[in-house]
Amino acid sequence: MSAQQILKVFVTRRIPQEGMKILQKAGLCNLSVWDSDEPVPRAELLKGVAGAHGILCLLSDKIDTEVLDAAGPNLKVISTLSVGFDHLAIDEIKKRGIRVGYTPDVLTDATAELTVALLLATARRLPEGVEEVKNGGWSTWKPLWLCGYGLSGSTVGVIGLGRIGLAIARRLKPFGVKRLLYTGRQPKPQAQEVDGEYVPLDTLVGESDFVVVSCSLTPDTQGLCDKTFFSKMKKTSIFINTSRGSVVNQEDLFEALSSGQIAAAGLDVTTPEPLPTVHPLLTLKNCVVLPHIGSATYSTRGVMSELTANNLLAGLTGSEMPSELKM
Ligand code: NDP
Ligand code: DGY
């Protein structure tokens, strides 16, 4: 049997061609692709991974013990087309000696850019304004109509000053931000670049005009933004989340937004995804919801696809991965 027949790889979605070309050109493995833009149904995922040496997955695929068992002992590598890895059962994967590839850095700029766009759109009420132009609500120029909040002279608080958090801070500072607060598990030397002040979470939440969440989803950050959290924010503050939906308790956020406890929220991530069109958050004018498009530029997705393919191949051949998750 040739190596090509032996190494089996299951790709859980149609991915940008840059990555597929790399996999095909390598000629190392039998590729089985869920050739659709929609997620693979769970039963097909379990069937598809059987006997696989490698899995190339997306953030919407839950890779848990059931999937690992279905794959069986051949599985050497899981390569995810994402920097977030909360969809992977890391402890179990580690226990089984399976390597994980992911896509840090290459999507940092695109995600930071989108976060700034979402923040400005939310704070300056752009979706409301666009809607008013279309529906005839624009009668004349009025002094207080569609007023919002500006960044100049403001305090911004970043929860999780990692790769993306720092890139967001770098982009926000030139808008005239006066103080840049951040929180995390430890102070970051690189915060100096943005004059970042490491503060306790309560201080950040209470003093920030803009609270930006860019941390990873972990057991510690799950549900971090809840009733107590929102009750400490200023009534004029804006809440932005581009990390993961589960960092937020959405019922509590709805309450905070509808009662005027906080001014507005911009979310690129929700629970679940997609957010049902009848969800209460979508009835609020002061809540801007995007469909998880942080990294969605053509070039970023192309590079993510390449990196995911190269991580997978390195995992299959036992060589150094361009971006291996340290577990
Ligand atoms: P990093 O690992 O560089 O940053 C994660 C940050 O989270 C770290 O600074 C870490 O702080 C912080 N963190 C972890 N635990 C806590 C905690 N308990 N309280 C506060 N902060 C905490 O990852 P990236 O910046 O590359 O990506 C961050 C996340 O963004 C991803 O995990 C993903 O979920 C999300 N993402 C979303 C995208 C989108 O499309 N909306 C696109 C890309 C990523 P410390 O170092 O101190 O531990
Ligand atoms: C990630 O990579 O974790 C994002 O959520 C999508 O790019």
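One table, with the values for the structure above:
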| read-out | value |
| --- | --- |
| Potential lengthening between residue 74 and residue 21 on full extension [0.36 nm per residue; Cα-Cα distance subtracted] | 16.7 nm |
| Reference-scaled alpha-carbon Rg (2.2 N^0.38 Å with N residues) for region 1-143 | 1.46 |
| Residue pairs, from the table 21/188; 62/234; 173/232, whose Cα atoms sit over 27 Å apart | 21/188; 62/234 |
| Student exercise, region 22-180 dipole from Lys, Arg, Asp, Glu Cβ charges, in Debye to nearest 20 | 800 debye |
| Pairwise FRET efficiency - residue 140 versus residue 64, Cβ, R0 = 51 Å, nearest 0.05 | 0.35 |
| Mean separation of Cα contacts under 8 Å, 6 or more apart, over the residue count of region 260-305: relative contact order % | 43 percent |
| Extension gain, residue 202 back to residue 284 (0.36 nm per residue minus Cα-Cα distance, nm) | 26.9 nm |
| Compactness of the chain, expressed as Rg and Dmax over alpha-carbon positions, Å | 21.6, 77 |
| FRET efficiency, residue 6 to residue 277 (Cβ-Cβ, R0 35 Å, nearest 0.05) | 0.15 |
| Mean separation of Cα contacts under 8 Å, 6 or more apart, over the residue count of region 38-126: relative contact order % | 24 percent |
| Given charges at Cβ of Lys, Arg, Asp, Glu: the chain dipole, positive-most of 20, 139, 112 | 112 |
| Rounded FRET efficiency, nearest 0.05, which uses the C-beta distance separating residue 44 from residue 190 and R0 of 51 Å | 0.75 |
| Assigned charges on the beta-carbon of Lys, Arg, Asp, Glu; region 205-327 dipole about Cα centre (debye) | 280 debye |
| Equivalent ellipsoid semi-axes, region 241-293, via Cα gyration tensor eigenvalues times 5, rooted, Å | 16, 12, 10 |
| Residue-by-residue Karplus 3J(HN,Hα) for region 167-173, coefficients 6.51, -1.76, 1.60, Hz, glycine and proline x | 5, 5, 4, 4, 6, 7, 3 |
| Region 225-284 - charge dipole about Cα centre, Lys and Arg +1 at Cβ, Asp and Glu -1, debye rounded to 20 | 260 debye |
| Mean Cβ neighbour count within 10 Å, used as a protection proxy, ranking 143-151, 168-176, 155-163, 189-197 highest first | 155-163, 168-176, 189-197, 143-151 |
| Neighbour net charge for residue 149 - beta-carbon separation under 12 angstrom, K R +1, D E -1 | +3 |
| Inter-label distance, nm, simple model (7 Å from Cα along the C-beta direction), residue 220/residue 147 | 4.1 nm |
| Inter-centroid distance (Cα atoms) of region 241-305 relative to region 125-141, Å | 22 Å |
| Packing-based ranking, highest mean first, of 213-225, 55-67, 129-141 given that Cβ atoms within 10 Å are counted | 55-67, 213-225, 129-141 |
| Relative contact order of the chain, pairs being alpha-carbon contacts under 8 Å that are 6 or more residues apart, as % | 20 percent |
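None of the figures in this text is laboratory data; all of them are computed from the coordinates on show. The structure presented is a predicted model; accordingly, all values stated were derived computationally and were not measured. Cβ: placed from backbone, ideal geometry, glycine included. Neighbour counts: every protein chain shown.
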